[in-house]
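A quick write-up on the structure given underneath.
The values are calculated or read from the model by the stated rules, or taken from the named source; none is laboratory data. Every value quoted in this text rests on a predicted model; they were computed, and no experiment measured them. Here the Cβ positions follow ideal geometry from the backbone for every residue, glycine too, while neighbour counts run over all protein chains shown.
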Amino acid sequence: MGMLDGKVAVVTGAGRGIGRSEALMLAEQGAKVVVNDLGGARDGTGADTSVAQVVVDEIKAAGGEAVANGDDVSEFEGAGGAIRTAIDTFGKLDIVVNNAGITRDKMVFNLTVEDWDAVIKVHLRHTFCMTHHACVHWREQAKASPTGTTYGRIINTSSSAGLAGNVGQSSYGAAKAAIAGFTTIVAMEMAKYGVTVNCVVPAARTRMTMTAGAPPPPAEGFDVLDPANVAPLVCWFASDDSMWVNGQVLRLMGGSLAHYRPWSLSPAQSKGDRWKPEEIGMGVRKIFGVFPGGLPV
Ligand code: NAD
C-alpha cells in the first residue's frame with residue numbers, strides 16, 4: 001500500500017534531476033504518472049522526446065504505471081496537452097507537480113532581455129499555464145459534485161535563490177520568488193474547491209547546479225545533495241494527509257525540513273500623520289535598531 005494509491009499525477013520536467021526523482025517516488029507510492037519533459041538543454045534550447053520516455057521505462061520496470069509527454073509546458077497549449085494526457089490516459093487528474101526549469105545565470109548588467117524572458121517564461125509562465133488548466137478542470141469537477149469539492153493538489157517549485165537571494169540569478173530568483181507568491185494567492189482562490197497549492201524548495205546536485213560548483217557525492221553515507229531528497233515532501237503534499245496545509249512553502253534540503261515563512265512586517269513606527277521626508281531616516285533607523293552613534297551594543 002502506497003500513500004498515493006489510485007491517484008494520477010503530472011510532473012513537469014520529470015525527465016531529469018529533481019523531477020525524475022519525484023516521478024519515480026510518486027509512482028512508487030502508487031500514483032499513475034505523466035512524465036512530462038521537453039528534453040531541452042540547461043538553457044532551454046533544443047528538445048528530445050526520449051528524455052521523458054526513459055523515466056517512463058524506469059517506472060514501468062519497477063512495476064508502476066506511467067506515460068510520457070513531450071509538451072513545452074511554458075506554452076499555454078503545451079500545458080493543456082500535459083493535463084489532457086493525464087485525463088485521456090488515466091481517466092482523471094489529482095496531482096500536478098510544477099518542476100520544469102532552466103537557468104541562464106548572468107550578472108544583471110550582462111543579462112539580455114531574451115535571457116530574462118526565457119527564464120521567466122519557463123518557470124513562472126509554465127507554473128501559471130499548468131495551474132490554470134488544472135484548476136479549470138478541478139473547478140468543473142467540484143461544481144458537478146454534491147459536496148462542491150474535489151481532490152486536487154498543486155506542488156510548485158521555488159528556490160532559496162529567490163527567497164533568500166543569490167548573485168547572478170536575478171531572473172531565476174525573481175521567477176522563483178514570484179512562484180512562491182503565486183502559490184499563496186492560488187491557494188486562497190482554490191481552497192473552497194478542496195484543492196491545495198503548496199511549494200517545495202529543494203537543493204540538489206543536478207545539471208542545473210553542477211556548473212555552480214555543487215560538490216560530488218560522498219564516498220559513503222547520506223548524500224545531502226541527492227536529487228531524490230525532496231521527493232518525500234512532494235509525495236506528502238500530494239497525499240490526503242496534507243489537506244490542512246495550504247499556500248505554504250517548505251524547504252527539504254538533505255535531511256533538513258523547514259518552513260519558509262512569508263514576508264512579515266516588523267513592529268511599526270507610527271506617527272498618526274503624514275511623515276516628512278527628513279523624518280523617514282530616523283524612522284528607518286529605529287526599525288533596524290541603528291542609531292546615530294552606530295549599531296546598538
Ligand atoms: P534539471 O535541468 O536537471 O531538470 C529540469 C528539467 O526540466 C529538464 O529535464 C528539462 O528538459 C525540463 N524542462 C525545461 N524546460 C521545459 C519546458 N518548457 N517544458 C517541459 N520540460 C522542461 O534541473 P533540476 O535541478 O532538476 O531542477 C528542477 C526544478 O528544481 C527547477 O524548477 C529548479 O529551478 C528547481 N530547483 C533546483 C535546485 C537545485 O539545487 N538543483 C534548487 C532549487 C530549486
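This table checks each residue for (1) over 36 Å from the mean Cα position of the chain (by Cα); (2) within 24 Å of Leu26 (Cβ to Cβ).
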{"position": "Thr206", "(1), (2)": "no, yes"}
{"position": "Asp226", "(1), (2)": "no, yes"}
{"position": "Val230", "(1), (2)": "no, yes"}
{"position": "Ala238", "(1), (2)": "no, yes"}
{"position": "Arg261", "(1), (2)": "no, no"}
{"position": "Ala268", "(1), (2)": "no, no"}
{"position": "Ile280", "(1), (2)": "yes, no"}
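Give the number of residues within the range 79-89 that are more than 9 Å from Met130 (Cα to Cα) and either of a type in the set (D, E, K, R) or crowded, with 21+ Cβ neighbours inside 10 Å (or both).
3
From (1) more than 27 Å from Arg42 (Cα to Cα); (2) of a type in the set (Lys, Arg); (3) at pLDDT 95 or above, pick out the condition that doesn't hold for Arg285.
(3)
Could you check the range 36-92 and list, in sequence order, the residues that are among the polar types (S, T, N, Q), free of Cβ contacts under 8 Å to residues at least 12 places away in the same chain and in a helix (DSSP H, G or I)?
Matches in the range 36-92: Ser50 only.
Just for the range 135-167: of the residues that are aliphatic (A, V, I, L, M) and without any contact (Cβ under 8 Å) to a residue 60 or more places away in the chain, which one is surrounded by the fewest Cβ atoms within 10 Å (Cβ to Cβ)?
Among them, the one singled out is Ala144.
Inside the range 172-209, can you point out the residues that are of a type outside the set (D, E, K, R) and within 9 Å of the ligand (Cβ to nearest atom)?
Tyr172, Ala175, Ile179, Val200, Val201, Pro202, Ala203, Ala204, Thr206, Met208, Thr209
Counting only residues that are more than 7 Å from the ligand (Cβ to nearest atom) and in a loop (DSSP other than H, G, I, E, B), how many does the range 2-35 have? It would help to see each step written out before you state the result.
Initially, the range 2-35 is screened for residues more than 7 Å from the ligand (Cβ to nearest atom), giving 2-11, 14, 20-35.
Subset that is in a loop (DSSP other than H, G, I, E, B): 2-7, 14, 29-31.
Qualifying residue count, the range 2-35: 10.
Can you name the residue in the range 68-77 that is away from the ligand (no atom under 11 Å from the Cβ) and not charged (D, E, K, R) and, of all such residues, is farthest from Gly101 (Cα to Cα)?
The qualifying residue farthest from Gly101 (Cα to Cα) is Ala68.
Hey, could you check the range 45-67 for residues that are farther than 15 Å from Val96 by Cα and surrounded by 20 or more Cβ atoms within 10 Å (Cβ to Cβ) and say which is farthest from the ligand (Cβ to nearest atom)?
Here the residue is Gly64.
Between His126, His133, which is more than 13 Å from the ligand (Cβ to nearest atom) and assigned to a helix (DSSP H, G or I)?
Numbers: His126 fails: more than 13 Å from the ligand (Cβ to nearest atom).
His133 is the lone residue from the list that is more than 13 Å from the ligand (Cβ to nearest atom) and assigned to a helix (DSSP H, G or I).
Can you pull out the residues in the range 176-202 that are of a type in the set (Lys, Arg) and over 12 Å from the mean Cα position of the chain (by Cα)?
As a first pass, look at the range 176-202 and keep what is of a type in the set (Lys, Arg): 176, 192.
Result: Lys192, single match.
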